Amino acid sequence: DAKTTQPTSMDCAEGRAANLPCNHSTISGNEYVYWYRQIHSQGPQYIIHGLKNNETNEMASLIITEDRKSSTLILPHATLRDTAVYYCIVRAVNSGNTPLVFGKGTRLSVIA
Amino acid sequence: GAVVSQHPSWVICKSGTSVKIECRSLDFQATTMFWYRQFPKQSLMLMATSNEGSKATYEQGVEKDKFLINHASLTLSTLTVTSAHPEDSSFYICSARSLAGALTDTQYFGPGTRLTVL
C-alpha cells in the first residue's frame, strides 16, 4: 500500500473548519483513501473513505485532488470533542486480509 | 451499524498470569479480525490477523505462543496473553473486517482493552 505523509500536529479554533491534509503521491489506481481518528484511550473510529470523487457524510468531507496524490479531510465546524489523532491511510480495496497500517497521524487540537 | 465490542475494557493482573480479551462484531459478520497493540504515545501496531476457523497469522516479532488467538466464529475472536509480564502492559485493540455489503473492506475497531501487568 502507498505511504502517506501528514503534518504532526494542527490547531483549530472551536466552531471553525478543520482542514487536515494528507499526501499520498505514490497511490495506485485501485487504492482508496481512508480516514480514521483516535480519541485518547479509545479505539480508532472510521470517518470516511473515497477513491477519486469527493465524499461527504455526517462526520466530514473528503476532498481528493484530481491527480489523487493528495487529499484533505474537512471537519466543517470543529468542536472540542473532535480533538484526536487523525490517520490518513491508503489501502487497496478487495485486498483480502490486508490490514490497515497506521502511521503517526496528525494530532488535532481544537481550542476553545 | 458496524459496532465492535471488547471485553474487558481494562484489566490488572499479576505477573505470570494469563489474560483473555474478547472481541465481538455485534451487527455484522467478520471473516477477518485483526489485533493491534498500542504503547503510550505511539501508533497502533498490528500483532496478528485471524480468519474464522483457521490459524492466525502473526507479525514478525510477535510470539504466537505468548499471544494466543482464537477466531471460533464469524462474530468472535479472542486474544489470550499467556504468562503476562510488565512489558506486556499495553492498550490492545481489535478490529473486524466486514463480510459483505455496504461495509465491505472497511475495518471497524473495538474500544480497546488496557492491560496492566504488575
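If you wrap the range A:26-83's Cα atoms in a convex hull and average its projection over all directions, what's the area in nm²? Display every interim value, and only then the final one.
Working: hull surface 18.2 nm².
It is 4.6 nm².
Expressed as a rounded percentage, what relative contact order does chain A have, with Cα pairs under 8 Å and six or more residues apart? Display every interim value, and only then the final one.
Working: 269 pairs, mean separation 41.4, N = 112.
Across chain A, relative contact order equals 37 percent.
Name the cysteines of chain A that stand alone by the Cβ rule: no other cysteine Cβ under 4.7 angstrom.
Flagged as lacking a Cys partner: A:C12.
Across the range B:58-66, in residue order, what do the Karplus-derived ³J(HN,Hα) couplings come to in whole Hz, using 6.51 cos²θ - 1.76 cosθ + 1.60 with θ = phi - 60° and x for Gly and Pro?
Calculated HN-Hα couplings, in order: 9, 6, 4, x, 9, 7, 5, 7, 8 Hz.
Which FRET efficiency value, to the nearest 0.05, is calculated for A:T56 and B:K41 with the Förster distance at 25 angstrom and r the Cβ-Cβ distance?
Working: r = 32 Å, r/R0 = 1.29.
E(calc), rounded to 0.05, equals 0.20.
Applying the Karplus parametrisation 6.51 cos²θ - 1.76 cosθ + 1.60 with θ = phi - 60° to the phi angles of the range A:12-24, what ³J(HN,Hα) value in whole Hz is obtained for each residue in order, glycine and proline being reported as x?
Result, rounded to whole Hz: 8, 6, 4, x, 8, 6, 9, 10, 10, x, 8, 9, 9.
Restricting to the protein assembly as shown, what percent of DSSP beta bridges are antiparallel, rounded to 5? The partial results should precede the final answer.
Numbers: 66 of 76 bridges.
Restricted to the protein assembly as shown, the bridges split so that about 85 percent are antiparallel.
Report the Rg/Rh value for the protein assembly as shown, based on alpha-carbon coordinates and the Kirkwood definition of Rh.
Values: Rg = 17.8 Å, Rh = 18.3 Å.
Rounded to two decimals, Rg over Rh is 0.98.
Explain nothing, just the number: relative contact order of chain B, from Cα pairs under 8 Å at least 6 residues apart, as a whole percent. Don't skip to the end; give the middle numbers.
Working: 303 pairs, mean separation 43.0, N = 118.
Answer for chain B is 36 percent.
Accessible area lost on pairing A with B, both sides, 1.4 Å probe, Å² to nearest 100? Before the final figure, lay out each step's value.
On the way: alone 6570 and 6390 Å², together 11430 Å².
Between A and B, the summed buried area is about 1500 Å².
Can you pull out the cysteines in chain B that have no other Cys Cβ under 4.7 Å?
B:C13
Return a single number: how many Lys pairs in the protein assembly as shown, at a sequence separation of 8 or more or on separate chains, have alpha-carbon atoms below 18 angstrom apart.
Value for the protein assembly as shown: 11.
Could you tell me the calculated FRET efficiency between A:S28 and B:E59, based on Cβ-Cβ distance and R0 = 30 angstrom, to the nearest 0.05? Don't jump to the answer; show the numbers that get you there.
Details: r = 23 Å, r/R0 = 0.77.
That gives a FRET efficiency of 0.85.
Going 7 Å from the Cα of B:L118 toward and past its Cβ, which residues in the range B:51-91 have a backbone nitrogen under 14 Å from where you end up?
So the set is B:86.
So how do A:42-53, B:55-66 stack up, highest first, on mean other-Cβ count within 10 Å? Walk me through the numbers on the way to the answer.
Values: A:42-53: 17.5, B:55-66: 12.8.
Averaged packing, sorted descending, gives the order A:42-53, B:55-66.
Find how many whole Å separate the alpha carbon centroid of the range B:1-65 from the alpha carbon centroid of the range A:39-65.
Taking the Cα centre of the range B:1-65 as reference, the centre of the range A:39-65 is 24 Å away.
The values are calculated or read from the model by the stated rules, or taken from the named source; none is laboratory data. Just so we're clear, the structure is a prediction, and the values are computed from it rather than from any experiment. We place every Cβ from the backbone using ideal geometry, glycine too, and count neighbours over all the protein chains shown. Remember, those area values only see protein heavy atoms, side chains included, never the ligands or the DNA or RNA. Shrake-Rupley method; radii C 1.70, N 1.55, O 1.52, S 1.80 Å.
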